[in-house]
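First up is the structure itself, then whatever we jot down about it.
Here, each number is a calculation from the coordinates, and none is a lab measurement. The model shown is predicted, which means the values in this text are computed figures rather than measured ones.
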Amino acid sequence: MSDLTIVLALLPVLIIQFGLMIFALVDLIRNPRTVGPKWLWGIIIVIGNIIGPVLYFIFGRRNY
C-alpha cells in the first residue's frame, strides 16, 4: 500500500475524531453544569481521541 492510500483510508476517521472533539469542547464550554470538574473533562476530551468525547457525552453531561 502506498502512503497516499493509507492517508485516504484514515482521513474519514480523523475528520470524525476532530469533529467530535470540537463539538464536545464547545458543549463543555457552553454547559454550566457537568459531572466532575470541567478542566478534567477538557483533558479527557483532548487526550482521549475518539473515546474521550464519547465518554463525556455519556457520563459527563448534566442536562438538568
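Structural remarks
- Derived scalar couplings ³J(HN,Hα) [region 4-14; Karplus, 6.51 cos²θ - 1.76 cosθ + 1.60; whole Hz; x for Gly, Pro]: 5, 5, 5, 5, 5, 6, 8, 4, x, 5, 5
- Cα-based radius of gyration of the chain once divided by 2.2 N^0.38 Å, which approximates compact folds: 1.33
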